[in-house]
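The block underneath contains the structure these notes are about, expressed in structure tokens.
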Amino acid sequence: MTGNPILDSALVLGGVGLFFGFLIAMANKKFYVWEDPRIGEVEELLPNSNCGACGLPGCRAFAEAVVDGKEQPSGCTVMGKEDLADVASYLGVDAGEANKRVARLLCAGGKNEAARNSDYAGLETCKAAASVAGGGKACNWGCLGLADCEDACLLDAIYMNDDLLPVVIPERCTACNDCVVACPKDLFELMPIEQKLIVQCKNLLKGDAAEDLCSVACNTCNRCVADSEPGVIEIIDNLAVINYEKNELTSPKAIERCPTEAIVWVEGQQFKESLIELEKKVV
């Protein structure tokens, strides 16, 4: 010690700092985990939307999986073909075939099709309405039409049509799951885009009881079951259910005799009409 209290304090603190600095340096060296520098580069090439559509918790995790060879670049459904090619080129791998998924609405009963028991006059959200006697709609399983899903979609992939039903734009949808979480009626489901046959109803009543509540409800007539390949459709809890493990056997024939149009083949003209309607709203 120097006898100077200020200098002595500075020396002690400096010594303590050097000691702990040495310990930190040794610990860092001992526990250092090497990280492939390509992860950061790939992350920079990704959209950084962290939407989770790839099934992983963010773009960083996806970049790690792609560099590790556990995922292909095409697993990111947000990127376009050119961006996918850039990632694949940087890593020297095949971009892969994108298995695009989109959100599907399992309800077609808008204001013109579904009956109402009462008028809801509370907070204008589906979640709030659902907590008050189901929102006033006669069908307890149906869409409430208050646009929680549209508000939750950050990519403008959903808009409300004149029938107060949400319409999903496949070209914009990244299967981020936000609409699935937002809907209090669990009416959205993420499906591979190649699945064209869809039952747009979740009403579990049978026959006239279902149609009394909604003109486009599944009435369990069994015609779709009879018109499909064996095992493709079955009736479970008074509702037609599609076995997508046999998706290659599905066809538009299954919808031809549906008396209520509760089962649809989502392709071609129906997609074109939704896009035309969206363009009108944007303009």
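Below, the figures for the structure above:
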quantity: Check on E194, within 30 Å of M79 (Cα to Cα), at pLDDT below 95 and either in contact with a helix residue (DSSP H, G or I) (Cβ under 7 Å, 6 or more places away or on another chain) or not hydroxyl-bearing (S, T, Y) (or both); calculated: yes
quantity: Per-region count, the range 162-178, residues among the charged types (D, E, K, R) and either modelled with pLDDT of 90 or more or in the same structural domain as C201 (by TED's automatic domain parsing) (or both); calculated: 3
quantity: Selection count, the range 179-209, where residues are among the small types (G, A, S) and over 24 Å from E124 (Cα atoms); calculated: 2
quantity: Residue in the range 102-112 that is of a type in the set (A, V, I, L, M), outside the structural domain of D162 (by TED's automatic domain parsing) and at pLDDT below 85 present; calculated: no
quantity: Test: residue in the range 233-243 that is out of contact with any helix residue (DSSP H, G or I) (no Cβ under 6 Å at 6 or more places or on another chain) and buried (at least 18 other Cβ atoms within 10 Å of the Cβ); calculated: yes
quantity: The range 118-161, subset among the aromatic types (F, W, Y) and touching a helix residue (DSSP H, G or I) at 6+ places or on another chain (Cβ under 8 Å), residue modelled with the highest pLDDT; calculated: Y159
quantity: Of the criteria (1) under 25 Å from the mean Cα position of the chain (by Cα); (2) at pLDDT 90 or above; (3) buried (at least 17 other Cβ atoms within 10 Å of the Cβ); (4) β-branched (V, I, T), which one V181 fails; calculated: (3)
quantity: Considering residues of the range 211-231 that are surrounded by 18 or more Cβ atoms within 10 Å (Cβ to Cβ) and touching a residue at least 40 places away in the same chain (Cβ under 8 Å) only, the residue farthest from E113 (Cα to Cα); calculated: N219
quantity: Test: residue in the range 201-217 that is β-branched (V, I, T), more than 12 Å from the chain's Cα centre (by Cα) and either at positive phi or not assigned by TED's automatic domain parsing to the domain that holds C126 (or both); calculated: yes
quantity: Conditions (1) surrounded by 21 or more Cβ atoms within 10 Å (Cβ to Cβ); (2) not assigned by TED's automatic domain parsing to the domain that holds A182; number of the one not met by D68; calculated: (1)
quantity: Residue within the range 127-146 that is exposed (fewer than 15 other Cβ atoms within 10 Å of the Cβ), farther than 20 Å from N203 by Cα and touching a residue at least 12 places away in the same chain (Cβ under 8 Å) present; calculated: no
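Matching residues to (1) more than 30 Å from I39 (Cβ to Cβ); (2) of a type outside the set (K, R); (3) part of a loop (DSSP other than H, G, I, E, B); (4) touching a strand residue (DSSP E or B) at 6+ places or on another chain (Cβ under 9 Å):
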site: E82; (1), (2), (3), (4): no, yes, no, no
site: D86; (1), (2), (3), (4): no, yes, no, no
site: Y90; (1), (2), (3), (4): no, yes, no, no
site: G96; (1), (2), (3), (4): no, yes, yes, no
site: G122; (1), (2), (3), (4): yes, yes, yes, no
site: L144; (1), (2), (3), (4): yes, yes, yes, yes
site: D162; (1), (2), (3), (4): yes, yes, yes, no
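The values are calculated or read from the model by the stated rules, or taken from the named source; none is laboratory data. These figures come from a predicted structure and were not determined experimentally. Positions of Cβ are generated from backbone atoms using ideal geometry, with glycine treated the same way; all protein chains shown enter the neighbour counts.
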